Amino acid sequence: MSLLERVYFLHQQLTENRFPNSRTLMEEFEISQPTARRDFAYLRDRLLAPIEFDQRKNGFYYTEEDFNLPFENSPRIIFLLGMLNRLAEETGLSDLPEIRQLEGRLSTMVGQDYTHITNSIHCEWVEVEYPDAKIFDTIIEAIVKKRQLDISYRSPAKESTTRTIEPLKLINYQGRWYLSAWCMLRNGHRTFHVARIITAGLSAVTGHENERNVEEHDLGRSFGIFKGPPRYTAKINFTGTAAELVKNQSWHKDQQMSEEETGVVLQIPVHDDREILMKVLQYGSQAEVLSPPLLRERLHRELIEVKKRYES
């Protein structure tokens, strides 16, 4: 049991006037007497708890009835803990043993008066993927230890390759997990879809992240998950209900939004066409690409193919 759990246990005992002492902690948590004494000292000296020792009852008590531990009765903190739990579920990590252990520990810290707050939070992402636990754990280990990874990877075209990569950043984007890494096979930065990693093994080779071009894997330079230096700025006009939705959204930190007579116009830096096309198609006739001409033409061709599919 952690120090935090023991402190909360002590606080509960003191609040209920049970007069706990070192023996109380030793029996409850199977710790040594020096450790138990340090816990009482931590509560008094670090958390400024107003505790005194009662010789007659051979235990400690609060000299102030209204003392609370830091953050103990803060709904915002409880809300944050609940959000962390819900986000674990929506990022596909709720089955990891570490997440379950954390949830169990947090539940012991949350007072009964506030449990309804965590039950009042609902997070839902439409396309949540649940990564393979062993592969995900290996990726985390590689990042923590700054080691390279040997992986087998299946491309969207179902072509398999074996390669050595150096993990740089783990990304959760729209419910999917991606790994930004330096690929030794391609000698350049690549973004790997974690669900497409078939096998992953920790390499004995230490990474050289500091030697990589930082700009090459900067994830904030363009819109979407398919990152890289911006190739162009897309200019899109939204009308109707789409305009009302988009004007309150942030797609990228460098976007520009303006309200025109024709609707809401969004300008956004783009590296790869794929995702921006999907976003425009999402809003149907209420979204129109104004520029660049190449993106507008590509969207036009896509719509023709869609029309053919439904006509057939």
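Name every residue in segment 172-189 that is among the charged types (D, E, K, R) and surrounded by fewer than 18 Cβ atoms within 10 Å (Cβ to Cβ), in order of residue number.
If the condition is that a residue be among the charged types (D, E, K, R) and surrounded by fewer than 18 Cβ atoms within 10 Å (Cβ to Cβ), then R186 is the only one that fits.
Tell me, which residue of segment 59-96 that is farther than 30 Å from D137 by Cβ and in contact with a Gly (Cβ under 9 Å, 6 or more places away or on another chain) is modelled with the highest pLDDT? Break it down stepwise before answering.
Narrowing segment 59-96 to residues farther than 30 Å from D137 by Cβ: 59-76.
Then keep just the ones that are in contact with a Gly (Cβ under 9 Å, 6 or more places away or on another chain); that gives 72-73.
Working: E72: 62, N73: 55.
Once the filter is applied, the top-ranked residue is E72.
Within segment 228-243, can you find the residues that are assigned to a helix (DSSP H, G or I) and buried (at least 17 other Cβ atoms within 10 Å of the Cβ)?
In the first step, residues of segment 228-243 are kept if they are assigned to a helix (DSSP H, G or I); the result is 240-243.
Passing the criteria: A242, A243.
Here's a check for you: in segment 271-312, which residue that is part of a helix (DSSP H, G or I) and of a type in the set (S, T, Y) is nearest to K247 (Cα to Cα)? Even if it seems obvious, please write down each step before you answer.
Quick first cut of segment 271-312, residues part of a helix (DSSP H, G or I) only: 273-282, 284-286, 293-311.
Checking which are of a type in the set (S, T, Y) leaves us with 285, 310.
Working: S285: 17, Y310: 32 Å.
Among those residues, the one meeting the criterion is S285.
Where residues in segment 272-312 are surrounded by 11 or more Cβ atoms within 10 Å (Cβ to Cβ) and of a type in the set (G, A, S), which of them is farthest from F238 (Cα to Cα)?
Checking each candidate, the answer is S291.
How many of the residues in segment 7-41 are within 15 Å of F67 (Cβ to Cβ) and either of a type in the set (F, W, Y) or buried (at least 17 other Cβ atoms within 10 Å of the Cβ) (or both)?
Qualifying residue count, segment 7-41: 8.
Tell me which residues, restricted to segment 187-215, are modelled with pLDDT of 90 or more and basic (K, R).
R196
Read through the list (1) modelled with pLDDT under 90; (2) in a loop (DSSP other than H, G, I, E, B); (3) at negative phi; (4) exposed (fewer than 12 other Cβ atoms within 10 Å of the Cβ), then give the number of the only condition that R56 fails.
Unmet condition: (1).
Restricting the search to segment 244-270, which residues are on the phi > 0 side of the Ramachandran plot and in a loop (DSSP other than H, G, I, E, B)? Reasoning before the result, please.
If we filter segment 244-270 for residues that are on the phi > 0 side of the Ramachandran plot, which is where we start, we get 263.
Matches in segment 244-270: none.
The values are calculated or read from the model by the stated rules, or taken from the named source; none is laboratory data. Predicted model only: the values in this text are computed from it and were never measured. Ideal geometry is used to build each Cβ from the backbone, glycine not excepted, and the neighbour counts take in all protein chains shown.
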